[in-house]
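Following: one structure in structure tokens, then a few remarks.
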Amino acid sequence: MNPKVLLIYTGGTIGMVQDPKTGIWSPFDFSSLLETMPSLRKLNIDIGTYSFSEIIDSSDMRPEYWVEIAKVIEENYNDYDGFVVLHGTDTMSYTASALSFMLEGLKKPVILTGSQLPIGVLRSDGKDNLINAVEIAGYKENGKALVPEVCICFENNLYRGNRTTKLNAENFNAFYSGNYSPLAEVGIHVKYNHHAILQPVESRGLLVHKKLDDRVAILKLYPGISQNTVESILAIEGLQGLILETYGSGNAPSASWFINALKHAIDNGLIVLNVTQCKKGKVEMGKYEASVELLKAGVINGEDLTTESAVTKLMILLGSITPKSKVAELLQTSLCGEMS
Ligand code: ASP
């Protein structure tokens, strides 16, 4: 029996067409996308399809859409061996991160892919990306999925989704995973990096988290950031969690107004999670004097979490876990390979 893969189409460049008059790219419908790819049938994988009713540019991605994707996977979980999500590259790392936290106990591949050039364009990277993703989603060894994780398959690399970041708006090689090696490399053969792949707990079934709390914000530091800017963000009504994007290994200005503002917000229940602006390496609060005060104020160490992972993890934990002390504890625990 052929493996079965469900293709979930959300939009993105992979399925876009160019208006001959204006030159503007916009999404087109799924049936046309499959027509351009007759070679997919040669994979000996049975492909089912699900399309968003409204095809989007991934700049319009929202938590409600993550819930829709997660629900589709949940409803079809027993009928398919794997899932491929076709998605725009702009926010693909956010969606992959969100899904990795939403799909607790996942034992089947969920592979996100897309392309830098639409699939109908002669030199498109979309064809290879799609074929690779479908093949990996349907691949098993000894009757078990080899990659039971949420991944991004792009330009001959398979990455753990929650470790990625979109780094390049031009090259085919759009994604970067600075703190974790690829799970597979696609050449003549697909070379799986077995020791890097998550091993699920066999006894656990799939548990889908569908509640997300979007009362979070990201504050990226820069030299010259004003007291007014910082205090305005901290004063956002109802704010529950803040990702603080700091310098280097977690450093921030030492000005007392800055530290006091953070401490005051944390004392009033705000969760502040420290991640670095660097694409490789991790936060080590206390290493430099410039981060000792953050630690004392109660800022949480985000280690080597990407911003994409940090913000989605925070939304999902705040949506489903109480009290806040438990959220803080889980933020510092690797739930699905998102931290080293
Ligand atoms: N703007 C597009 C999107 O993210 C870019 C792409 O797909 O590469 O939907």
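Pairs exceeding 32 Å between alpha-carbon atoms, taken from K211/K287; K107/K326; K21/K42; K210/K279; K279/K326: K211/K287; K21/K42. Shown for the range 189-296: the carbon plus sulfur share of the solvent-accessible area, taken with all protein chains present and a 1.4 angstrom probe, equals 52%. Taken over the chain, the convex hull of the Cα atoms encloses 150 Å³ per residue.
For the range 191-340, the alpha carbon convex hull comes to 129 Å³ per residue, rounded to a whole number. Only protein heavy atoms count here; on that basis, with a 1.4 Å probe, S53 has an accessible area of about 120 Å².
What translational D, rounded to a whole number of µm²/s, comes out for the range 76-205 from Stokes-Einstein when the hydrodynamic radius is the Kirkwood one over Cα pairs, at 37 °C and 0.692 mPa s? Rounded to a whole number, D works out at 223 µm²/s. Only Lys, Arg, Asp and Glu carry charge here, each on its Cβ (+1 for the first two, -1 for the last two); on that basis the range 141-253 has a dipole of about 240 debye about its Cα centre.
Looking at the chain, do any whole DSSP H helices span at least 18 angstrom along their long axis by alpha carbon and average -1.0 or above on Kyte-Doolittle, and which? Can you show the working numbers first?
Working: long enough: 63-76 (20 Å, -0.43); 307-320 (20 Å, 0.93).
Sorted by number, the helices that extend far enough and score high enough are 63-76, 307-320.
Taking amide H as placed 1.01 Å from N in the peptide plane, the amide H of G248 sits under 5 Å from that of Q277, C278, each at least 5 places away or on another chain. Within the listed set P27, P223, P200, the Gaussian network model of the chain (springs between alpha-carbon atoms below 10 Å) gives the highest mean-square fluctuation for P223. Positive end of the dipole of the chain (Cβ unit charges, origin at the Cα centre): among S226, G269, S124, the Cα lying farthest that way belongs to G269.
Averaging the sequence gap over all C-alpha pairs within less than 8 Å and six or more residues apart, then dividing by the number of residues, gives the chain a relative contact order of 15 percent. Over the chain, accessible surface divided per residue gives 46 Å², non-protein components excluded, 1.4 Å probe. Rg ratio for the range 1-158: its Cα radius of gyration over 2.2 N^0.38 Å, N being its residue count, equals 0.98.
In the elastic network of the chain, a GNM with C-alpha springs shorter than 10 Å, the most mobile of E202, E64, E135 is E202.
When you have a sec, figure out the Kirkwood radius of the range 148-241 from all distinct Cα pair distances and drop it here in Å to one decimal? One over the average 1/r among Cα pairs gives 17.1 Å for the range 148-241.
Carbon and sulfur together cover what percent of the accessible area of the range 62-152 at a 1.4 Å probe radius? Its accessible area is 45 percent carbon and sulfur atoms.
Which order do D57, D79 take when ranked by solvent-accessible area (1.4 Å probe, heavy atoms of all protein chains), largest first? It would help to have the intermediate numbers written out before the result.
On the way: D57 60, D79 90 Å².
From most accessible down to least: D79, D57.
Residue order by solvent-accessible surface for W25, W66 is W25, W66, largest first, with ligands and nucleic acids left out and a 1.4 Å probe.
The values are calculated or read from the model by the stated rules, or taken from the named source; none is laboratory data. In this text the structure is predicted, and so the values were computed from the model without any measurement. Ideal geometry is used to build each Cβ from the backbone, glycine not excepted, and the neighbour counts take in all protein chains shown. Accessible surface is based on the protein model in full, side chains and every heavy atom, while ligands, DNA and RNA are left aside. Shrake-Rupley method; radii C 1.70, N 1.55, O 1.52, S 1.80 Å.
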